[in-house]
1. With r as the distance between the Cβ atoms of ARG68 and LYS46 and R0 = 30 Å, compute the FRET efficiency 1/(1 + (r/R0)^6) and round to 0.05.
2. So which trypsin sites (Lys or Arg not before Pro) in segment 26-105 are both in a DSSP loop and have at most 16 other Cβ atoms within 10 Å of their Cβ?
3. Using the structure shown, select from LYS25/LYS81; LYS46/LYS81; LYS46/LYS91; LYS46/LYS67 the pairs with a Cα to Cα distance greater than 23 angstrom.
4. Quick one: which residues, 5+ away or cross-chain, put their amide H under 5 Å from the amide H of GLN21? H built at 1.01 Å from N.
5. Residue-wise, which Karplus ³J(HN,Hα) couplings in Hz belong to segment 17-30, taking 6.51 cos²θ - 1.76 cosθ + 1.60, θ = phi - 60°, and x for glycine or proline?
6. How much length is gained if the chain between ASP79 and GLN21 is pulled fully straight, taking 0.36 nm per residue apart and subtracting their Cα-Cα distance, in nm to one decimal?
Amino acid sequence: MLKRRRRKGDRNERLCLGCRQLRDKRNLVRVAAFRDGRVIIDEAKKLGGRGVYVCPYADCVIAATKKRGWGHGFKRPIDAKTLNELLSQLKRHILWMTGDLARLC
Ligand SMILES: [Zn+2]
């Protein structure tokens, strides 16, 4: 897995695909895309693949989807079926996560 340091040594921060804010990656959901076309939520944040991050909030997921951010983030187009599956996974995930996290966005 590639380790990139875009922001002066702080590798715990990632950009949310929806709101484009830098956030601690512990507070973001990682979604990983693989060469075989699978797109899955990477709960442990160590699956590899091409990862993008999004806040665990419906607003950010919707913003990422509207801006076609997913395909851009994954550096490959994402087909409608895969996107729908991802969104339904994220909805369940968001319901679970927002119980613990203060709303930041
Ligand atoms: Zn966000």
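Values quoted throughout were computed directly from the atomic coordinates according to the rules given, and no laboratory measurement underlies them. This structure is a prediction, so every number in the text was calculated from the model and none was measured. As a convention, Cβ positions derive from the backbone with ideal geometry for all residues, glycine included, and neighbour counts pool all protein chains shown.
1. On the way: r = 27 Å, r/R0 = 0.89.
Step by step, r from the Cβ atoms, then E = 0.65.
2. Details: sites: ARG26, ARG30, ARG35, ARG38, LYS45, LYS46, ARG50, LYS66, LYS67, ARG68, LYS75, LYS81, LYS91, ARG92, ARG103; in loops: ARG35, ARG38, LYS45, LYS46, LYS67, ARG68, LYS75, ARG103.
Filter output for segment 26-105: ARG35, ARG38, LYS45, LYS46, LYS67, ARG68, LYS75, ARG103.
3. Working: LYS25/LYS81 27 Å; LYS46/LYS81 25 Å; LYS46/LYS91 21 Å; LYS46/LYS67 26 Å.
Result: LYS25/LYS81; LYS46/LYS81; LYS46/LYS67 exceed 23 Å.
4. When sequence neighbours closer than 5 places are left aside, the close amide H contacts are CYS16.
5. Calculated HN-Hα couplings, in order: 5, x, 8, 6, 9, 6, 9, 4, 5, 5, 9, 10, 9, 8 Hz.
6. Details: separation 58, 0.36 × 58 = 20.88 nm, distance 2.59 nm.
Going from the current span to full extension adds 18.3 nm.
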